[in-house]
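Worksheet: the structure to be examined is printed underneath.
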Protein chains: 2
Amino acid sequence: MKTLFKNAKILDLDHEQGYYEGFVVVQDSKIIYANQTMPDGEFDNVIDVKGNLLMPGFVNTHAHTPMTLLRGIKDDANLQQWLFENIIPYENKLTNEDIYWGEMLGIAESVRNGITAIEENYFYHTQSICRAIDRSGIRARINVGSKVITDETYNCYQDFKSQYDTITNTTNSDRVNISVFAHSVYSTNEEKFYSILKFAKDYDLPLGIHLSETLKEVGDCTIANNGLTPPAYLEQIGYFDRPCLAAHCVHMDKDDLQILADYDVSVSTCPSSNIKLASGIAPVFAMQNKGINVTIGTDGVASNNCLDMFKEMFLVATLSKVSISDPSVVSAREVLSMATKNGAKAMGLNVGEIKPGKQADLILVNINQPHFYPQENLLSHLVYSARGSDVYFTMVNGKILYQNGTYNIGEDIEEIYKKVNDIRRRLLT
Amino acid sequence: MKTLFKNAKILDLDHEQGYYEGFVVVQDSKIIYANQTMPDGEFDNVIDVKGNLLMPGFVNTHAHTPMTLLRGIKDDANLQQWLFENIIPYENKLTNEDIYWGEMLGIAESVRNGITAIEENYFYHTQSICRAIDRSGIRARINVGSKVITDETYNCYQDFKSQYDTITNTTNSDRVNISVFAHSVYSTNEEKFYSILKFAKDYDLPLGIHLSETLKEVGDCTIANNGLTPPAYLEQIGYFDRPCLAAHCVHMDKDDLQILADYDVSVSTCPSSNIKLASGIAPVFAMQNKGINVTIGTDGVASNNCLDMFKEMFLVATLSKVSISDPSVVSAREVLSMATKNGAKAMGLNVGEIKPGKQADLILVNINQPHFYPQENLLSHLVYSARGSDVYFTMVNGKILYQNGTYNIGEDIEEIYKKVNDIRRRLLT
């Protein structure tokens, strides 16, 4: 199966103006051609892009997808209140079946907004998550993760092994890989950390964690660990000896950032969640200066409250500027890189750029709308003016999952809407 | 002409859940009925809203609409650099005809995103602005305003009289009213201020100004005026003795806010512009505490870079939270009020609520999309999850200006696109 995209503006951040006009060929699940000149040969399918933008799909490096079920259920609370007094009690009521539909709603929203790969940080009802990811066609790195609240009988290694087996037994796809996630320093004691590390080593898997998200987390960790900040503590226990993707990283001093740089830890910055929960603004410009691989995540919609990487890109650029009173830092081009190829690097995926040999995770953006005019400086418009709704076509691994209002994710969209409304109603009674 | 809206969720911020299910009747340019029960009578037109949301159009209290022509022309610069070294030199090249098409593009973007009324703060080529506003059908308060750069021969009073005559001669509509605008304390000397005040008094008009937008503005004013901050200086010269709408108000201490409260000055907060130019974050929660009427503006797209009040609402709520490390402040309900009825109050308009007797400035929001599910806590979804593209129908003064991709603003949208691209190309050569 060979598809030709023609009449396209093709995003290429290595190019001086950030894109070129040309042609792309996808064969099965891969990009085999991307160039300014028309390729030879026959094609099964020709897509006329009509001067619109063809770009790599977004790589969302921090998501708790089934939490779509809790969208807007509790606003105006800080992380501790929000998580322990509101979110976890609701989560405890969710069934296997509920999680499947929540994951499906999140996948629908993701592909509608041009997200083609997600770092899935949800560890309850793993089988449902895997079923939805497998069925829908989206790309994901699924995390084997530690529960926030556990009792004395909890055996972390065993739980991880069971999640791991579920993932490998339920998904049968080159779209899925696996990572290991410790929830946070505030919910993981040293014994648990060591079993997580042993598991990651035994199965040769990379790591992730929520890191330095709030001042409370940093303060509590420092008091409990003889002055060690969360990154310093993790360094000491060897958490950074394997490849690692750390989410949030809001409250970091220069020593903390140096640790991340020294160990080549990637960061997933989640600006909308951080400002809505009033956690703070991550020092993205300082991270860049240290040479850290910065990527972008939406976080779960219970805190942020939607899955729109355009919104997050706008926030990464503008919050970076205002937080250090310098409008010249963190350009549109840099932010687009964070949302695509930096994310791919962090998650170990062969996506994020339109180059021959990359997997075909592609989206089309309708730039024939008022907010893209005048049509000059397209990179600027993408970061400061565009929004998820501008995406009208989403392809993952060579398969079209969304096109002009139609979802092709294995479940009917109206059925998804009905199910999640029913679940919400039940949760609130 | 009588139109019935049926099967609607009708936004009403006085209602406990923020909306009710019911019916609205528009006769000519006014709302004559809004209730849960079906009205009697015959209708010329029946619009089935299919369970979607009917809400008042957004009131954008700070816009420089023709600056759409300069969208993305200069990112990553601070206000002084951006304005004096980049924007003004380009503006000097713009013709009467250019401004007409720039205004039209901004109006197209506005109605597409559900903005039904704009405070128009652009003072060059007034006739073109008036022609576009008059022709398009949008509602506007057009400002008679002072030029930023003037020479010694500039007669402010005469210029204002000429702009005023242009507005009254070119527009012939109950959709247009007039205000008087001094650009800022940093571009207006005392003599100019006194002629502006005399003009406003002679013509009995309200006032506006850019106020305390940057630390530089506050510092320079304080040094030049014996320690008076911009609000204190304006109070001293009598600028607040008439009704006033002040844009930005980013750098304000409690004494400054007290002055605004004492004189009932409304504030137009413009968060995206303020963070992109790294000017700062306005103290919106402190304004609310002082009882100040807070409203929302987009500012011009040369700095922000688009006209989407949903984006601004999200930013007002979340930046307020993060800037004082308190997620409980500035709720979705409060922000929706700022973007509608508070704006109407500030601009002296009989709009902003769906109540009998109000002008029919109404929009329909498509809530049958993933990011509105589960469909519970609609106010939260509107502020934290929605975007301008969710609007599919925009009515101003009883006339439909946008519906499902079709613009009804007196010019063909493709012609507008072509014109603004040509103008941009010319500007850059």
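Structure data summary
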item: Of all chain A residues, the one whose C-beta is nearest the axis that brings A onto B, in angstrom; result: A:Ser389, 2
item: Interface area, B with A, accessible, probe 1.4 Å, both sides summed, Å² nearest 100; result: 4700 Å²
item: Cross-link reach list, lysines versus B:Lys161, counting only Cα pairs under 19 Å and skipping chain neighbours closer than eight places; result: B:Lys147, B:Lys192, B:Lys198, B:Lys201
item: Charge tally in the Cβ shell below 15 Å around A:Ile149, where Lys, Arg are +1 and Asp, Glu are -1, A:Ile149 excluded; result: -2
item: Separation of the A:Asp174 and A:Lys30 label points, Cα + 7 Å toward Cβ, nm; result: 0.7 nm
item: Label distances, nm, A:Gln258 versus same residue in remaining copies, Cβ-directed 7 Å point; result: 4.7
item: Across the identical copies, how the A:Asp48 labels are spaced - nm, sorted shortest first, 7 Å along Cα→Cβ; result: 3.4
item: Label point 7 Å beyond Cα along the C-beta direction, distances from B:Tyr194 to other copies (nm, shortest first); result: 8.2
item: Size of electric dipole in segment B:290-429: Cβ of Lys, Arg +1 and of Asp, Glu -1, about Cα centre, debye, nearest 20; result: 280 debye
item: B:Tyr154 - accessible surface, heavy atoms, 1.4 Å probe, Å² rounded to 10; result: 60 Å²
item: Euclidean distance of C-alpha centroids, segment B:111-174 and segment B:218-234, integer Å; result: 29 Å
item: Lys/Arg +1, Asp/Glu -1 at C-beta; chain B dipole; positive extreme among B:Met287, B:Asn304, B:Ala346; result: B:Asn304
item: Minimum 30 Å² accessible area buried by the other protein chains, segment B:234-278 residues, probe 1.4 Å, relative to alone; result: B:Ile275, B:Lys276, B:Ala278
item: Surface accessible to a 1.4 Å probe, B:Phe5 within the full protein complex, Å²; result: 0 Å²
item: Cβ-based charge dipole, the protein assembly as shown, positive-most Cα from B:Met38, A:Ile149, B:Val396; result: B:Met38
item: List B:Asp76, B:Asp241, ordered by accessible area with a 1.4 Å probe, largest first; result: B:Asp241, B:Asp76
item: List A:Arg112, A:Arg141, ordered by accessible area with a 1.4 Å probe, largest first; result: A:Arg112, A:Arg141
item: Candidate residues A:Glu97, A:Glu191: accessible-area rank, largest first, probe 1.4 Å; result: A:Glu191, A:Glu97
item: About the Cα centre, charge dipole magnitude for chain B (Lys/Arg +1, Asp/Glu -1 at Cβ), debye; result: 580 debye
item: Entries in B:Lys50/B:Lys418; A:Lys6/A:Lys355; A:Lys216/B:Lys321; A:Lys50/B:Lys418; B:Lys216/B:Lys254; A:Lys2/A:Lys358 that, when Cα-Cα distance is taken, lie over 25 Å; result: B:Lys50/B:Lys418
item: Residue mean of other protein chain beta carbons inside 10 Å, A:361-374; result: 6
item: Probe 1.4 Å, protein heavy atoms only - accessible area per residue of the protein assembly as shown in square angstrom; result: 34 Å²
item: Computed helical MRE - 222 nm, chain A, DSSP H runs ≥ 4 contributing -39500 (n - 2.57), nearest 500; result: -10000 deg cm²/dmol
item: With all protein chains modelled, accessible area of B:Asp412 [1.4 Å, Å²]; result: 90 Å²
item: Carbon and sulfur %, accessible surface of chain A computed with the full protein complex present, 1.4 Å; result: 45 percent
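The values are calculated or read from the model by the stated rules, or taken from the named source; none is laboratory data. This is a predicted model, so every value here is computed, not measured. Every residue, glycine among them, receives a Cβ derived from its backbone with ideal geometry; neighbour counts consider all protein chains shown. Surface accessibility is based on the protein's heavy atoms, side chains included, excluding ligands, DNA and RNA. Shrake-Rupley method; radii C 1.70, N 1.55, O 1.52, S 1.80 Å.
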